[in-house]
Amino acid sequence: MGRLLIRAAMLVVIAGVALVVYIVIFLNQRDPLTDLPSPRRDLPAMSTMPVKESGRRITHVTLAGGALGDIGFVVSLPDPLPAKKIPVLVVLGGLGTGESNIRTIKNIGANAVIGYDWLIPVRFPQGTDFLRQAPELYRDTMTIPGQIASMIEWLVVQPWADEKRIGLLGFSLGALAAPAAQNLAQHDGASIDATILAYGGAPLGALFAANPHMKPEWLRAIIGPVIGLLLRPLDPLANLPRLSGHFLVLEGRDDRLIPEAARVALRDAVPPPKDVVILGGDHMGIGPDKDALLAEIIAVSRDWLVRNGAADAPK
C-alpha cells in the first residue's frame with residue numbers, strides 16, 4: 001500500500017509539472033495582443049483650463065475609455081506653441097500622477113511632454129491586503145497598455161503633434177509597461193520610432209519574486225511564478241520581439257531592486273537597433289545620490305532623443 005501511495009504521488013507530481021510546462025509553452029507561442037484589451041479611438045475628452053508655468057502650458061486631460069476606464073494624463077506644451085508641429089514624448093514614470101513624473105524634467109525645449117496617470121496605487125497592498133485586492137489589481141493592470149495606446153491615439157491627431165516623431169519613455173515601472181503598450185499602439189497603426197527602457201527587467205514573475213518591498217517574503221516566493229503566468233501578455237519578453245524602432249536601454253550597475261539576470265534578460269530581448277548605457281549607482285529614485293542620478297538619467301535620455309531626431313534640442 002505504501003509503495004502504491006508513493007507511486008501515485010509521483011504520478012501526480014509528474015502530471016502537475018507536465019501541465020505547467022504545457023501551459024508555459026502554449027503561452028509563449030500565443031500572441032500577447034490576443035489577451036490584452038484593445039486601444040480605443042475617438043474617445044470623449046475632458047480637459048482642465050491650461051496653467052502657464054515657466055514657459056510651458058500644463059493641461060490635465062481625461063479620456064472616457066469605457067471598458068478601459070478613465071484614462072488620465074497631463075500634457076505639457078511650450079508656450080507659445082511653435083508654428084510647426086512638435087515631437088511628442090510620452091513619459092511612463094514610476095507610480096503616481098503624470099504631473100509628478102514629468103515635473104522633474106527641466107529644460108524640455110519645444111517638445112510636447114505627456115505624463116500618464118497610473119491606475120496602480122502608490123502604496124502597494126501587502127500580505128492579506130494584496131490577496132484581497134488581487135482581482136481588482138489584476139483587472140487594472142491588464143488595462144494599462146490599452147490605456148496608454150489609446151492615449152497615444154488621441155495625441156497623434158492633435159493639431160500640434162508631429163505624428164512621425166512619437167517617443168515612448170519608460171522609467172522603472174514604466175519600462176515594464178512600455179513594451180506591451182508599444183506593441184498595441186504599433187499594431188493599431190501608430191509610429192513609435194524612439195523608445196527608452198530605463199531601469200527595467202524581465203520576466204515579470206521573477207521581478208515580483210525578487211522585490212524586497214513585497215511582504216511577507218514567503219508570499220512573493222509562492223505567488224511570483226503565478227504572477228508571471230497571469231501577466232504573461234504584459235511581459236516585456238513576450239512583446240519586445242514584435243516591436244520596431246530605435247531603443248535606448250538604461251541600467252544601474254549596482255541596482256538592488258532589479259536583479260542582474262533580469263536586467264540582462266530585458267537587454268537581450270530588446271530588438272536592434274539599440275543603445276545600452278550602464279550608469280553607476282542603485283535603482284533610480286533610491287539612495288542618497290538619487291537626485292544626481294535622476295539628473296544624469298534625464299540628461300542621457302535627452303541627448304539620445306535629440307541625437308536620433310526624436311526630440312528638438314532645448315535652446
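The values are calculated or read from the model by the stated rules, or taken from the named source; none is laboratory data. Just so it is clear, the structure is predicted and the values come from calculations on it, not from any experiment. Here Cβ is always computed from backbone atoms with ideal geometry, including for glycine, and neighbour counts include all displayed protein chains.
Couple of notes before you dig in:
- Qualifying residue in segment 288-295 (condition: in a loop (DSSP other than H, G, I, E, B) and under 18 Å from the mean Cα position of the chain (by Cα)): no
- Test: residue in segment 168-175 that is under 23 Å from Pro80 (Cβ atoms) and at pLDDT 95 or above: no
- When the residues of segment 38-63 are filtered to those that are among the aliphatic types (A, V, I, L, M) and within 16 Å of Ile148 (Cβ to Cβ), the one that is surrounded by the fewest Cβ atoms within 10 Å (Cβ to Cβ) is Ala45.
- Per-region count, segment 247-279, residues in a strand (DSSP E or B) and crowded, with 20+ Cβ neighbours inside 10 Å: 6
- There is no residue in segment 6-15 that is at pLDDT 90 or above, surrounded by 10 or more Cβ atoms within 10 Å (Cβ to Cβ), of a type in the set (Lys, Arg) and at negative phi.
- Across segment 96-136, the qualifying residues are those that are part of a loop (DSSP other than H, G, I, E, B), touching a Leu at 6+ places or on another chain (Cβ under 7 Å) and surrounded by fewer than 16 Cβ atoms within 10 Å (Cβ to Cβ), and the one among them that is modelled with the lowest pLDDT is Val122.
- Residue check, Leu68 surrounded by 15 or more Cβ atoms within 10 Å (Cβ to Cβ), in contact with a helix residue (DSSP H, G or I) (Cβ under 7 Å, 6 or more places away or on another chain), without any contact (Cβ under 8 Å) to a residue 60 or more places away in the chain and under 23 Å from Pro145 (Cα atoms): no
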